[in-house]
Amino acid sequence: MSNDSAQRSTIISAIERRREDRLCELQAESIVLFEAMVASGILTSNTEQALVWDDIAWVYRARKLWFCELRGARGQVLTGPMFRNPNNLRSPNIDIADWMRCFIVHRLAKNPSYAPTHLTRYLQPMRWLSDNARGNMKRLQRINQRILDRLLRRIASTSIYGDDTRYQLARDLVAVLNWTSQQRLLARTVAFKNPIVDPCKLRLDVTTTAFAEHREKKFPDSAFIDAVTMIKHKLIDDPTLEPKPGYDWIRVHTIPFMLAMGLRLGEITTLPLNALYEEEGSGKLYLRVWTEKGQVPTLRYVPKLWAPAIRESYNALVELCRPARALAKKIESADGFSFVERRLARQARDPKDVERLIDCGFDANDYYTRELSVIGFTHRNFLRPNGGVLRDLLEETGYSGRKWQKVVSVTRLRRWFDERFNFYLSKHYRENVLDKQSGQAVKVDTSLSSSSFVQDQPLHKHLLVVFDGQFSASKQDVNLLPTPLTQRHIHNHFTSCGGRKSVFERLDIRDSKGAVFRVTPHQFRHWVTTSLQREGANDMAIDRWMGREIGQNRQYDNRTGKERAEAIRESYLQRDGIPSDYLGRKVKRMRLHDVDDALITQTVNEFISVAHFTPWGFCSRDLAIVPCNRSLQCLKGFDNDNPCRHFHLDPSDTKARENIERLLNQYEHQLQILVPEYDQENFDEALNLTEPLDQHIHHAMQIVLGCRAAIGVFESCNNEALVSVTSARQQITTEL
């Protein structure tokens, strides 16, 4: 080996030892944080044993964090439901696993109230990085942007993920790698970037195929109203189509809350028992909703058109869920499932059965067999050979008779009910169950929590409470275990998967082409939003009513380009509140000169035939025919008579204003660094526009002036400039 090679090898070895030492330091820091989180109950074990650092699974807010390899025992990439089978998971390399655990602990230390889904999503990109490095931490530490780009192309070639998921995965990969770089675990410090374009931005342009595909996928045909209505009619005409009481009707009565109010599934499952509120005097109907995604909960106004349907479904759900709700109250207000023991103790027992139990060595006061039918367990679902729903609790008697050979301890039975009940509650409230090893049932904190509110709402104060097994068509109910209605219960009703049939398939409801109808619950939300937009409702009002962040409405806008153009066109044809852009100023001049209304309408129609979003407003250029010649410099020249004639401001679009202010800050920051005196009067006259630097300064100044002028329009215009002046649309906006 040459001296140069030996020296290079020595340097590499030193660097690798330094990275190993840094990983050990990071692990030591993280273990201290980890132990504090275990002590406070933020992290718990997946088993009866106490949680330790090296466990393959941690539990955070009832969600399992699996520190495993990307591929299962059969070599397939693990996704979604595959994690339900722990036997399919393989432990990664020790260093890789420690790196994953350190990242999770640091994320939790930064934000102890992290949503479980937000935390678990980082583990899959870490598994991909480990797989790409063949489970070798030294190979992983040599990653750079080129290797990351190659990994993303490899992920895309697998066709496992859709466009949105792949973009999110790429974002998370970048976040993980940048954190790893900041912790000095990589061979060299790298600022990683996401090379994938956000598909949400592509879908904002109605002239793209991405918008068309998204609209077809997310926005249901209006025929879906007839399809969901047909469910109710078929069940009324033939009640025997429902496999068991409440199997269909409970979920059918959630439809008006999605169709009228656009509620998310999580908001439906947490509706309180007193959800419906009627205002005295006016008779207006409101719905109490615990809004998801950090928005402040509010009373949602129920449109008059939907008030009868909402009231009917609410009253029906109160009655349908009354038995499960009453049992939940008994369990939560008393000492759990102690009523099971009391109910059995009151029953007369066959002396021969008692004698046989004693002969077999069992305590007759604790062990029961055929008497369990009193509390709902029959021979069919309990005493059959495989043990039925309680197979883990059955004990052999050794008795040779055919009547019964298995018994159950009522003490163990009660504990089983307690643990299962708390398991369901922990999933619903996203809280860990502590002190498993004590053998005592632990009360779950029954608070619905978000970053904006905390509200105590025990299960018996929920509108929707069902029994375990309520929605299993093949399982006979044992109505002793009340549970919350889950999002999966509703989703599974409308979609088929594996051997499970959707309600459309079971009731043979088909579309115009003869195919079984398909619709997902989230499509209801898209339909409601787009319907409101078509009626001319204000975007800000829609966002608030739907419980979204202001400006998010853009992602739900499934109107075609022509429908958007109609909404913009009306804002220019009204007398007041005309946007002060190129077209708006032109219309104002025409009105000052008393130009005929028909000519003004014709001028506006010529300008606007299609409309799509830009980050700063609307664009009426049909990009499929005429490409943009400004390279999306929409605001350049907006302050003078040379603005883009296809750019239109919507004074009610707060998201566009935020983007304009952000753009203004970026260019002002550039100019302050280059030429602090740029804001002086007539400074641009001193620029030599034949020089590249002066050209850039002039361009930046034009953008700054355009942004300032646009912000001035936002400040001076009425926030409801795009709301229709027709009386019907004004009424809808007022109701919202």
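What to note about this one:
- Selection among 77, 102, 66 by position relative to the dipole of the stretch 12-196 gives 77 as farthest towards the positive end (Cβ unit charges, Cα centre).
- Pairs from 232/304; 110/655; 329/461 whose Cα-Cα separation, in the structure shown, is over 19 Å: 232/304; 110/655
- Each of 445, 335, 95, 594 has some number of other Cβ atoms within 10 Å of its Cβ, and from fewest to most they run 594, 335, 445, 95.
- Distance from the alpha carbon centroid of the stretch 124-143 to that of the stretch 275-320 works out to 50 angstrom.
- Of the trypsin sites (Lys or Arg not before Pro) in the stretch 273-368, the ones in a loop by DSSP (not H, G, I, E or B) with at most 13 other beta carbons within 10 Å are 346.
- For the stretch 35-75, the share of alpha carbon pairs falling in successive 10 Å distance bins from zero is 30, 48, 19, 4 percent.
- About the centre of its Cα atoms, the stretch 104-196 shows a dipole size close to 440 debye [charges on the beta carbon of Lys, Arg (+1) and Asp, Glu (-1) only; nearest 20 debye].
- Loop trypsin sites (Lys or Arg not before Pro), the stretch 42-124 (other Cβ atoms within 10 Å of the site Cβ: 11 or fewer; DSSP): 74
- Across all directions, the average flat footprint of the convex hull enclosing the Cα atoms of the stretch 12-196 is 10.5 nm².
Quick note: the coordinates plus some simple rules give every number you see, no bench work behind them. What you see is a predicted model; the values in this text were computed from it and never measured. For neighbour counting, all protein chains shown are included, and Cβ atoms are generated from backbone atoms with ideal geometry for every residue, glycine included.
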